Amino acid sequence: MTVPRATPLIRLLRVCGLGVVLSLVGTPWYVVAVVMAAGLVVEWYLHRATGDPRAPGWQIPLPTTHFVASGVFAFILFLTARTTGAGWLIVLVCIIVSVMVVGAVLPVFALLRLRPRLHGPRDVTADEPFHMTIGVARAGLGLIVQVLDGASPPAVVFDREAPVGPLRADRGVIREMTVLIASTAPLTMMVVRRRLQIVLDHPVHVAPKVGRAHATATAADAAEGGSTGGQAAHGDRLRSVREYVSGDALRLVHWPVTARRGALVVKEPEGPAAPDLHLVVPLSGVREADDAVCEDAMATVVAALDEGRRVTLYTNDGTSGCVTRVRDRRDAGRALATAGPGRPADPGIADGVVLRLPGSGSA
């Protein structure tokens, strides 16, 4: 649905060819001059319209086979009328040309009145296919819709809503999309296309893929006295009591129960809890490197959540540091989708494991 830009020589040859054709059919020279001047203006406009294939605006209209066949038939009738002098053939030519003009103009008005809307899932994963839904009031006899951001295949919209996709996107937050809408209604004479920048009903967070998880301190490490970057992570909740056994530490003796029973009783606490994870994600601004860091961060968060640990993410949204308390994978995906280059928030003296992922943006 895209057209390559024509060179200046090709544009000039098209205008000159139009003038030659008009001269051959006996058109007065002043009419030929006016038409060629108008052709130069149109070529200049079309050159600007195809400057950026994703910028909002109109694209070059494309004639259909019906338009070309009608034009050839009208030209043959015109030559026959000039040769035979039959006036009724000129009437037919005028009717055919009128139909061609109406068929070329009406799609423009059909696209001018459109107010499309786009909505889709709130959370997706990078490089995984997803679909959007486009809503178009008064779709008419059918529209061809293509989402340029995500390179979706063209979709035909007959009703008020239709699915568009599958789409694929990189990590980040999608708030608007460029859509190419084409129409040939109602006479299928000309394909008129218009690019629109549509703001989504709600942003789409594109979470990173799950990469390689980084090793962190576990509950067993905490029980052995491993460093957790903050306070001790040993469990201190009482699970039960039992009789004293030779070798038990005196600090475990439960003195109130011992006094009540008249025999030594020790406390049996719960096992050590898995330490909290404080994950610092530095990004440098290099797309490939940042995506790799975010993928590893996502894998590390998923592994920690599977262990039942509390996770806190420290990122930068491109302007300031952000602290996100992660409850599930969706929270992690949204935080990493919005993460940008810059100094992440500082966890300070955190109660748990502080893990700083390797990245060129780290301090």
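Sparsely packed loop sites in the range 164-212 (the trypsin sites (Lys or Arg not before Pro) outside DSSP H, G, I, E and B with at most 12 other Cβ atoms within 10 Å) comprise ARG212.
Compute the FRET efficiency between ILE144 and TYR30 as 1/(1 + (r/R0)^6), taking r as their Cβ-Cβ distance and R0 = 35 Å, and round to the nearest 0.05. Each step should come with its number before you reach the end.
Details: r = 40 Å, r/R0 = 1.15.
Rounded to the nearest 0.05, the efficiency is 0.30.
With the Cα gyration tensor of the range 79-151 giving a ≥ b ≥ c as the square roots of its eigenvalues, does the rule (a/c under 1.5 for rounded; else a/b larger than b/c for prolate; else oblate) give rounded, prolate or oblate?
Details: a/c = 6.69, a/b = 3.45, b/c = 1.94.
Here the range 79-151 falls in the prolate category.
The Rg/Rh ratio of the range 154-199, with both radii computed over alpha carbons and Rh defined as the Kirkwood radius, is 1.04. Loop-located trypsin sites (Lys or Arg not before Pro) in the range 277-337 (DSSP state not H, G, I, E or B) with no more than 15 neighbouring Cβ atoms inside 10 Å: ARG327.
What's the extension gain from ARG82 to SER23 if we count 0.36 nm per residue and subtract their Cα-Cα distance? Mind showing how you got there, number by number?
Numbers: separation 59, 0.36 × 59 = 21.24 nm, distance 1.41 nm.
Gain on stretching ARG82 to SER23: 19.8 nm.
Using 0.36 nm per residue, how much length does the chain from VAL108 to PHE75 gain when fully extended, once their Cα-Cα distance is taken away?
Values: separation 33, 0.36 × 33 = 11.88 nm, distance 2.52 nm.
Additional length available on full extension: 9.4 nm.
Every number in this text was worked out from the coordinates using simple rules, so none of it is lab data. Just so you know, these numbers come straight off a predicted model, no measurement behind them. Note: ideal-geometry Cβ built from the backbone for every residue, glycine included; neighbour counts use all protein chains shown.
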